[in-house]
1. Out of all the residues in the stretch 70-79, is one or more modelled with pLDDT under 90, open to solvent by less than 10 Å² (accessible area, probe 1.4 Å) and among the hydrophobic types (A, V, I, L, M, F, W, C)?
2. Determine which member of the set Thr141, Thr137 is of a type outside the set (Lys, Arg), at pLDDT below 80 and closer than 22 Å to Gly87 by Cα.
3. Which of the residues belonging to the stretch 32-48 are open to solvent by less than 40 Å² (accessible area, probe 1.4 Å), part of a helix (DSSP H, G or I) and in contact (Cβ under 8 Å) with a residue 24 or more places away in the chain?
4. Scanning for something part of a helix (DSSP H, G or I), at pLDDT 90 or above, open to solvent by 10 Å² or more (accessible area, probe 1.4 Å) and in contact with a Lys or Arg (Cβ under 9 Å, 6 or more places away or on another chain), does the stretch 85-93 turn up at least one residue?
5. Go through Ala190, Ala165, Ala158 for me and flag whichever is open to solvent by 30 Å² or more (accessible area, probe 1.4 Å), modelled with pLDDT of 80 or more, of a type in the set (Gly, Ala, Ser) and under 26 Å from Cys63 (Cβ atoms).
6. Name the residues in the stretch 49-65 that are farther than 15 Å from Gly188 by Cβ, not in a loop (DSSP other than H, G, I, E, B) and not β-branched (Val, Ile, Thr), would you?
Amino acid sequence: MRRSETSGFSPRCKSTHHLVHERPITTATVLVVLGAIMRACRLSLFGLMRFLKAELLVALSTCSSEAVLPQLVRKLEILGIGRPVVGIVIPSGFSFNLDGSAVYLTMASLFLAQAMGIDLSWQQQQQLIMVGVMMLTSKGTAGIAGGAFIVLASTVTAVGHIPLAALSLIVGIDRILNEGRVFINVLGNAVATIVIGKWENDFDTEQARKVLHSRTTTPPQAELDTVEVGADK
C-alpha cells in the first residue's frame with residue numbers, strides 16, 4: 001500500500017513543500033512592484049539593494065528588521081534624503097509599513113485553509129475578515145524575530161476559520177519564510193522613504209544617482225561618521 005494511502009500527512013507535507021517553493025515567486029513579485037516604483041523615481045532598485053547590501057545581510061541573519069534601523073537611517077541620509085523625512089518615515093515604517101509580514105500572513109492563512117480543505121467564501125476573503133485582519137495584525141512585528149508567526153497563531157485563533165493545529169504544517173519552515181519577509185520589510189521601508197522624500201521635495205536625486213552608481217557598496221566610515229544624530233542637513 002502506498003504511503004499516501006496509509007497516512008493522511010503526505011499530501012499536506014507536499015503542500016508545505018509547495019509553500020517553500022512559492023516564497024521566491026512571491027518575493028520576486030514584490031520586487032517587481034518595488035522596481036516599478038523605483039523606476040518611476042528614475043532610480044535602480046538593484047542599485048539600492050547593492051548600496052544596502054550590509055543591512056540586508058544583517059537583517060537576513062538576525063531575522064529582525066529593527067536590527068539594522070540605525071545604520072539604515074545613516075545610509076539613507078547619505079543617499080540624499082533629508083533628515084526630517086528619514087527620522088519620521090523609517091521608525092514609523094518599521095511599525096506600520098511591514099510589507100513582507102503582511103504578505104506572509106495573508107498567504108500563510110490562505111495556504112493553511114487550502115491545505116486543510118477549508119473553503120473560504122468570497123466574503124471571508126474580501127470583507128476584512130481574513131485578509132484585512134492579517135494586514136492589520138502585521139503591524140509591530142518587526143522588533144521580534146519570528147513575531148509574525150505568533151501574530152498568525154493569535155489571528156487564526158481569533159478569526160476562527162482555520163484550526164490552530166494547522167500551524168504545525170508551517171512551523172518547521174517558518175525560519176525560511178521569515179528571511180523573505182524580513183528582506184521585503186527592510187527594502188520596502190527604504191523605497192518608501194525615497195518616495196516620501198521626493199514627495200516632500202527633500203531628496204537630492206543627483207546625489208542618489210551618484211551614490212547608487214558608485215562601485216563601492218559601502219560609504220567610507222569617515223563619511224558615515226559625519227552624519228550626527230539630531231543635526232540638520
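1. no
2. One residue alone meets the criteria, Thr141.
3. Within the stretch 32-48, Leu34, Met38, Leu45, Gly47, Leu48 meet the criteria.
4. no
5. Of the residues listed, the single one that is open to solvent by 30 Å² or more (accessible area, probe 1.4 Å), modelled with pLDDT of 80 or more, of a type in the set (Gly, Ala, Ser) and under 26 Å from Cys63 (Cβ atoms) is Ala165.
6. Listed by number, the residues that qualify are Arg50, Phe51, Lys53, Ala54, Leu57, Ser61.
The values are calculated or read from the model by the stated rules, or taken from the named source; none is laboratory data. Values in this document were obtained by computation on a predicted structure and should not be read as measured data. Every residue, glycine among them, receives a Cβ derived from its backbone with ideal geometry; neighbour counts consider all protein chains shown. For the accessible areas, the whole protein counts, side chains as well, though only heavy atoms, and no ligand, DNA or RNA atoms are used. Shrake-Rupley method; radii C 1.70, N 1.55, O 1.52, S 1.80 Å.
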